[in-house]
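Read the structure below first, then the notes.
The values are calculated or read from the model by the stated rules, or taken from the named source; none is laboratory data. Since this is a predicted model, take the numbers as computed values, not measurements. Cβ placement follows ideal geometry from the backbone for every residue including glycine, while neighbour counts extend to all protein chains displayed. SASA here: full protein model, heavy atoms, side chains in, ligands and nucleic acids out. Shrake-Rupley method; radii C 1.70, N 1.55, O 1.52, S 1.80 Å.
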Amino acid sequence: MKQAEIAIIGGSGVYESELLENVENVEIDTPYGKPSAPIELGTFKGKSVAFLSRHGPGHKYTAHSVNYRANIWALHELGVERIIGVGAVGSLKENYRPGDLCFPDQFIDFTKKRTYTFRDEGTSGHISMADPFCPYLRELFSSSANELGISAQKNGTYICIEGPRFSTRAESRMFRQFADIIGMTLVPEVTLAREMGMCYVSVAMITDYDVWAETPVSLEEVMET
C-alpha cells in the first residue's frame, strides 16, 4: 500500500482535494469500521499527501456522527505524521471576522457523547494536551498566510460543541467569555491524532458571527463564505 507523510482532512464544503496529482483512491478497513470516505492518495510538490473528506460524499455524516476513530486510524495506517484539519467555524469575537482563517492554539471540549480514545480497556492512556496543536505547523501556516495576504488569526481558543444544532443565544454569550471561535468537529479528531503520535494543526475558516451577535446563523451563510 502507498504511504503518505501528510494528511488533509477536509471539512464542510471541502469534499475533494483538487490539489493532488497521480491520485489513487484507497479503501481501508479499521477495527472501528470504515472511514468517512475513500482516502485520496497523491502528490503535491513532491510530497506524498493523503486527503480525507471528514463528512463523506455529499456531507453524508454530520459532526456528531463522523467515525473519527476510523478516520485517524486509517491515516495512521498510511504512515501519516502530520495532519491538517480544515473546518468551518463561527466567531465569538468581533475581531475574528467572517472570511478570516484562524490557527487555534487551544481548545475547550463541550461535546457530550463522542468516543474520545483508542484505549477502551486494559491500559492507561493519559496523554498531555496542555498544548494540543503542533507549534511548527501553526507557525508555518501563519507565516504563509501573511506572505499570501490572507487575513488570519495566529492564535485562538476553539470551543467544540456536539451539534448538529447551533447554539442558543444564551449558550453563545457564555461561550464567548472563554473562547474565540466555535465549531463541531475538532474533538475528538485532535485528541485521537495525539494518541497516535501525529502532529495536528487546525485551519479554521470563520464563516459567520455566532448568535451572540443577534443574527441567527444559517447554513446558506456558512456555505457561501
- request: Tell me, yes or no, whether segment 184-204 has at least one residue that is under 16 Å from Lys93 (Cβ atoms) and over 17 Å from the mean Cα position of the chain (by Cα).
  value: no
query: When both residues are 6+ apart or on different chains and their Cβ atoms are under 9 Å apart, which pairs have a first residue that lies in segment 151-172 and is within 12 Å of Ser202 (Cβ to Cβ) and in contact (Cβ under 8 Å) with a residue 60 or more places away in the chain, and a second that is outside any loop (DSSP other than H, G, I, E, B) and among the hydroxyl-bearing types (Ser, Thr, Tyr)?
result: Tyr158/Ser202
statement: Going through segment 18-61 in order, the residues found to be part of a strand (DSSP E or B), open to solvent by less than 60 Å² (accessible area, probe 1.4 Å) and charged (D, E, K, R) are Glu40
Subset tally (residues that are among the basic types (Lys, Arg) and in contact with a Lys or Arg (Cβ under 6 Å, 6 or more places away or on another chain)) for segment 151-203: 0
- request: Within segment 178-209, work out how many residues are open to solvent by 10 Å² or more (accessible area, probe 1.4 Å), closer than 21 Å to Ala152 by Cα and in a loop (DSSP other than H, G, I, E, B).
  value: 4
message: Tell me yes or no: at least one residue of segment 199-217 is touching a Pro at 6+ places or on another chain (Cβ under 9 Å) and of a type in the set (Gly, Ala, Ser).
response: yes
field: Residue selected from segment 210-220 under the condition within 28 Å of Ser36 (Cα to Cα) and touching a residue at least 40 places away in the same chain (Cβ under 8 Å), by the criterion most open to solvent (accessible area, probe 1.4 Å)
entry: Val217
- request: Six or more apart or on different chains, Cβ under 8 Å: which pairs go from a residue in segment 1-25 that's closer than 21 Å to Val66 by Cα and among the hydroxyl-bearing types (Ser, Thr, Tyr) to one that's at pLDDT 90 or above and open to solvent by 40 Å² or more (accessible area, probe 1.4 Å)? Could you list them?
  value: Ser17/Val23
